[in-house]
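Peer 1: The structure under discussion is supplied below as structure tokens; questions concerning it will follow.
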Amino acid sequence: MRRQRALSYRESVKQFKRYEKECDESFRTRMRRALNWFGRAEREMRRRDFDAAFVFYWIAFNAAYGKDQLWDERGEKDILFDFLYTILERDKHHCNKRLFEELDFLHTMRDIVANEYIYQGFWNSRKKGEHQKKKFRELHQTSQDDVRQALKDKNMRSLFESVFDKLYTLRNQLMHGAATWGGGVNRKQVEDGAKSLCYILPYILTIMVDNRHEDWGEVPYPPI
């Protein structure tokens with residue numbers, strides 16, 4: 001087990017530039033947008049503005065998986081998880097295994113899932129009776145057990161399902177103004193959320209570059 005930094009913005013750009021001429025225009029646009037926001041997120045991480053970093057990382061992530069959804073009847077969360085499953089299916093060289101060797105990544109994953117304030121069930125249960133609160137606590141514990149097992153088994157699909165369920169709630173809190181920038185409460189999950197995407201986004205972009213000839217869908221709002 002080692003303590004190592006995530007792949008940097010510059011390293012991700014260099015990785016893409018190596019193959020850029022092979023890519024179609026839609027994929028180039030997708031990658032340029034994702035990398036552009038990735039660079040801004042990294043700057044905010046250096047400033048330790050984790051609110052801004054998380055928002056910019058999520059925009060970069062959205063740029064990577066977004067499609068023209070005019071005829072897509074699925075919800076945003078379903079589209080997100082389908083994209084994550086596609087990433088794992090196209091990870092031919094098992095790059096995700098490297099993440100399980102990163103001590104900081106493992107600690108951050110555990111902290112994310114242990115935090116009840118980014119578990120949607122916590123907020124739903126506050127409006128219900130004691131029975132629902134007990135059910136929430138049981139589900140929350142099950143989620144933590146699932147992550148511990150996923151980390152032990154190096155099962156990235158199971159880990160993504162648990163972690164992104166929490167990150168999506170955090171995304172809703174920040175993107176919809178349900179949190180205060182730089183506020184004094186519930187800071188831990190924002191920092192952990194930014195750190196999570198700091199590791200996961202470069203991994204996703206690596207898999208996309210490795211599969212640059214695959215169909216990633218039409219990029220939304222193409223430059224014209």
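The values are calculated or read from the model by the stated rules, or taken from the named source; none is laboratory data. Since this is a predicted model, take the numbers as computed values, not measurements. As a convention, Cβ positions derive from the backbone with ideal geometry for all residues, glycine included, and neighbour counts pool all protein chains shown. The protein model used for the area step is the full one, side chains on, heavy atoms only, and it has no ligands, DNA or RNA in it. Shrake-Rupley method; radii C 1.70, N 1.55, O 1.52, S 1.80 Å.
Peer 1: Using Stokes-Einstein with the Kirkwood hydrodynamic radius over Cα pairs, what translational diffusion coefficient do you get for the stretch 80-119 at 4 °C and a viscosity of 1.567 mPa s, in µm²/s rounded to a whole number? Could the numbers behind the result be given before it?
Peer 2: On the way: Rh = 11.9 Å.
In µm²/s, the coefficient rounds to 109.
Peer 1: Which semi-axes, in whole Å and largest first, does the equivalent ellipsoid of the stretch 142-224 have when worked out from the alpha carbon gyration tensor as the square roots of 5 times its eigenvalues? Walk me through the numbers on the way to the answer.
Peer 2: Numbers: eigenvalues 138, 100, 24 Å².
For the stretch 142-224, the semi-axes come out at 26, 22, 11 Å.
Peer 1: Report, in cubic angstrom per residue, the convex hull volume of the C-alpha atoms of the stretch 94-208. Could you put the intermediate results ahead of the total?
Peer 2: Working: hull volume 12.2 nm³, N = 115.
About 106 Å³ per residue, rounded to a whole number.
Peer 1: Using a Gaussian network for the chain with springs between C-alpha atoms less than 10 Å apart, which of these wobbles most: ARG187, ARG30, ARG171?
Peer 2: Checking each option, the largest mean-square fluctuation is seen for ARG187.
Peer 1: My understanding is that a pair violates if its Cα-Cα distance is over 32 Å; which of LYS92/LYS133; LYS77/LYS127; LYS127/LYS152; LYS67/LYS135; LYS77/LYS154; LYS92/LYS134 do that in this structure?
Peer 2: Details: LYS92/LYS133 42 Å; LYS77/LYS127 23 Å; LYS127/LYS152 35 Å; LYS67/LYS135 36 Å; LYS77/LYS154 24 Å; LYS92/LYS134 42 Å.
From the list (LYS92/LYS133; LYS77/LYS127; LYS127/LYS152; LYS67/LYS135; LYS77/LYS154; LYS92/LYS134), the Cα-Cα distance tops 32 Å for LYS92/LYS133; LYS127/LYS152; LYS67/LYS135; LYS92/LYS134.
Peer 1: I've got another one for you. Would you please state the base-10 log of I(q)/I(0) at q = 0.14, 0.24 1/Å for the stretch 13-82, with intensities from the Debye formula using one equal scatterer on every alpha carbon?
Peer 2: Each listed q corresponds, in turn, to -0.53, -1.03.
Peer 1: Which value in deg cm²/dmol, rounded to the nearest 500, describes the helix-derived mean residue ellipticity at 222 nm for the chain, given -39,500 (n - 2.57) per DSSP H run of n ≥ 4 and division by the residue count? Walk me through the numbers before you get to the answer.
Peer 2: Details: 10 runs with 151 residues, N = 224.
Dividing the helical sum by the residues of the chain leaves -22000 deg cm²/dmol.
Peer 1: Most fluctuating residue of THR142, THR206, THR29 in a GNM of the chain with Cα springs under 10 Å: which is it?
Peer 2: Evaluated over the chain, the most mobile residue of the options is THR142.
Peer 1: What number, in nm² with one decimal, is the all-direction average of the projected area of the convex hull of the alpha-carbon atoms of the chain? Show your work: numbers first, answer last.
Peer 2: Working: hull surface 54.0 nm².
Mean shadow area of the hull around the Cα atoms is 13.5 nm².
Peer 1: Same structure, new question: In Å², and per residue, what accessible area does the chain have when probed at 1.4 Å with the other protein chains present?
Peer 2: Accessible area per residue: 55 Å².
Peer 1: Obtain the nm distance between the two label points defined at GLN132 and TYR85 by a simple spin-label model: each point lies 7 Å from its Cα along the Cα-to-C-beta direction.
Peer 2: Each label point lies 7 Å from its Cα, and together they span 2.9 nm.
Peer 1: Quick check: at a probe of 1.4 Å, how many percent of the accessible area of the chain sits on carbon and sulfur atoms?
Peer 2: Working: 6050 of 12380 Å².
C and S fraction of accessible area: 49 percent.
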